[in-house]
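Rule-based calculations on the coordinates, nothing more; no lab input. From a predicted model like this one, the values you see are computed outputs, not experimental measurements. Ideal geometry is used to build each Cβ from the backbone, glycine not excepted, and the neighbour counts take in all protein chains shown.
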Protein chains: 2
Amino acid sequence: MTEQPVIILVDPQLGENIGMVARAMLNCGLTELRIVRPRDGWPSQAAIDASAGAVEVIDGVTLYETTLDAVADLNRVYATTGRPRGMVTRIVTPRHGAEEMRREIADGTKVGILFGGERSGLNNDDVALADAVIEVPLNPDFKSLNLAQAVLLVSYEWRMSQDATLGERLETNESEPASKAELDNFMTRLADGLDKGGFFKSPAMRPGVLRNIRNLFKRGQPTEQEIRTLHGIIVALQKAGKKN
Amino acid sequence: MTEQPVIILVDPQLGENIGMVARAMLNCGLTELRIVRPRDGWPSQAAIDASAGAVEVIDGVTLYETTLDAVADLNRVYATTGRPRGMVTRIVTPRHGAEEMRREIADGTKVGILFGGERSGLNNDDVALADAVIEVPLNPDFKSLNLAQAVLLVSYEWRMSQDATLGERLETNESEPASKAELDNFMTRLADGLDKGGFFKSPAMRPGVLRNIRNLFKRGQPTEQEIRTLHGIIVALQKAGKKN
């Protein structure tokens, strides 16, 4: 049972930085760390050395081949990024995000936070998997944080939000929020229908358009029930076409 | 004239850590750094390398022989520490401290924040020079922060106290949010397709189901561009059905 957000590092490079991330997490009471494709391999002595004894976090690390695998069992995902992506995305500060996560986790939602690697951060496909973007409101002329510091600020706000007051919640009417895998499954089926219907004018634009469509559905935070409804809509529209 | 708190490092050891402090400061818009007895000397190439281009801070560093010298011109001093000192001292969180500093600085008070070296933090004489202690409310079982991270958290709270920074916004990538009429228009067309495709098991449930579908799309706060995309999706799915 996860009662705290999961930290997910995508394509991190140096073991030392992973160790510093583990330390920053444990400073703030977070313990669940997932890593997608660590460049320098895992386990890592450099990570252990830099973790200042955050053994609990280091020993519990789980590895994933893809970002999608790493978030598949989660209901709600945040992506941290410092640069605009030209996507229609809800952007929150770490403080606002932490308050949201408190409410979500109290409702039994499984939450994860994506952090990109040292070189260039998250790619657009990773960001598209997330429900919202976390942006730290730093000095606009000098806002590049190192990986461990980004994790620290977000984890710190999580810790500080411990007793934040309820301001907003989503009434889900007894249906659970859909998992990322359920949303992905729907998107695959939709993409298939769109391919058959000649929706994409050129193959080149296909990935970007699909990403935008995913963003729209994701923003609605569909429940499991709603995902079933969306599948039904695809079936019905295709039947309607047949009759014409 | 100082309109922001001065960061003061007492007995820092590694130039690399000083560089990371400079970076964390500038991330948060702070530029005035004072150093008392840097062990490895000053200027420091290691500091420059680790500062990620925070030249403005590095170039402005001033050096002092004693902590007292470094705070002599200030009116109000905070000391950061993670362990109790057996002194009667007012202790504030970084957040509370930042709000205090805003008020003090607005009144023309000159404020500084002391940070101890990597090895053992501030000594008791240094702490005794301060008006209040800043303690970050971290995991009590694992609360040792490295120097740059301590500076980052305190500087971050200074920055966050600037204004009621907008907690949340929607990046819409130049497309306007759709009007209610545009959404309604889409819903009408979708309902028509669903009717043709035999989506509704009974006429009685039709209004309620349509309302639920509308809620899902509404929650996503679609833009005008996205509503056009949704129309395109209906067309494409119907075409796909025709081909089967």
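By the compact-protein rule of thumb, 2.2 N^0.38 Å, the alpha-carbon radius of gyration of chain B corresponds to a ratio of 1.62. Take the Cα of B:ARG228, step 7 Å along the line toward its Cβ, and report every residue of the range A:83-99 whose backbone nitrogen sits under 17 Å from that point. Counting backbone N atoms under 17 Å from the label point, the list is A:87-88.
One equal scatterer on each Cα of the range B:180-243, no solvent, Debye formula: the resulting log10 I(q)/I(0) at q = 0.17, 0.19, 0.20, 0.23 Å⁻¹ is -0.62, -0.77, -0.84, -1.05. Among the helices of chain B, those built from whole DSSP H runs whose Cα atoms reach 15 Å or more along their own axis and whose mean Kyte-Doolittle hydropathy is at least -0.5 are B:15-27, B:147-160, B:224-243.
Model label sites at A:ARG103 and A:THR62, defined 7 Å from Cα along the beta-carbon direction, differ in position by 2.8 nm. Per the Kirkwood formula applied to alpha carbons, the protein assembly as shown shows a radius of gyration over Rh ratio, Rg over Rh, of 1.06. Summarising the label geometry, the points placed 7 Å from Cα in the beta-carbon direction at A:ASP69 and B:ASN123 lie 5.4 nm from one another.
Pulled fully out, how much extra length does the chain show between B:ASP141 and B:ASP40, if you take 0.36 nm times their separation in residues and subtract their Cα-Cα distance?
On the way: separation 101, 0.36 × 101 = 36.36 nm, distance 3.14 nm.
Length gained, B:ASP141 through B:ASP40: 33.2 nm.
Dipole size of the protein assembly as shown about its Cα centre, with +1 on Lys/Arg Cβ and -1 on Asp/Glu Cβ: approximately 2820 debye, rounded to the nearest 20.
The distance between label points at A:VAL235 and B:SER175 comes to 2.9 nm (points 7 Å beyond Cα on the Cα→Cβ vector).
Please work out how much length the chain gains when fully extended from B:ASP49 to B:ASP195, using 0.36 nm per residue of separation minus the C-alpha to C-alpha distance, in nm with one decimal. Can you show the working numbers first?
Numbers: separation 146, 0.36 × 146 = 52.56 nm, distance 6.61 nm.
Length gained, B:ASP49 through B:ASP195: 46.0 nm.
Across the copies of the chain, A:GLY198 has label points (7 Å from Cα along Cα→Cβ) spaced 2.7 nm apart, shortest distance listed first.
Between this copy and the others, label points of A:GLY82 are 2.4 nm apart in ascending order, each placed 7 angstrom from Cα in the Cβ direction. For chain A, the residue among A:GLN162, A:LEU14, A:VAL71 whose Cα projects farthest onto the positive side of the dipole built from Cβ charges is A:VAL71. When A:ASN124 is represented by a point 7 angstrom out along its Cα-to-C-beta vector, the spacings to that point in the other copies are 6.1 nm, nearest first. Of all DSSP-defined beta bridges confined to the protein assembly as shown, some 15% are antiparallel rather than parallel. Using R0 = 41 Å, the C-beta based FRET efficiency linking B:ARG214 and B:GLU3 works out to 0.20.
Under 29 Å of direct C-alpha separation, and excluding same-chain neighbours fewer than eight residues apart, B:LYS180 reaches these lysines: A:LYS180, A:LYS201, A:LYS218, A:LYS239, B:LYS196, B:LYS201, B:LYS218, B:LYS239. Report summary: the helix-based calculation at 222 nm, which adds -39500 (n - 2.57) for every DSSP H run with n ≥ 4 and divides by the residues of chain B, gives -14000 deg cm²/dmol. Panel note: the C-alpha atoms of the range B:62-145, placed on their principal axes, show extents of 39, 30, 24 Å (largest first). Show me the GluC sites (Glu not before Pro) within the range B:86-164 that DSSP assigns to loop and that have at most 11 other Cβ atoms within 10 Å of their Cβ. Counting only loop positions with at most 11 other Cβ atoms within 10 Å, none of the GluC sites (Glu not before Pro) in the range B:86-164 qualifies.
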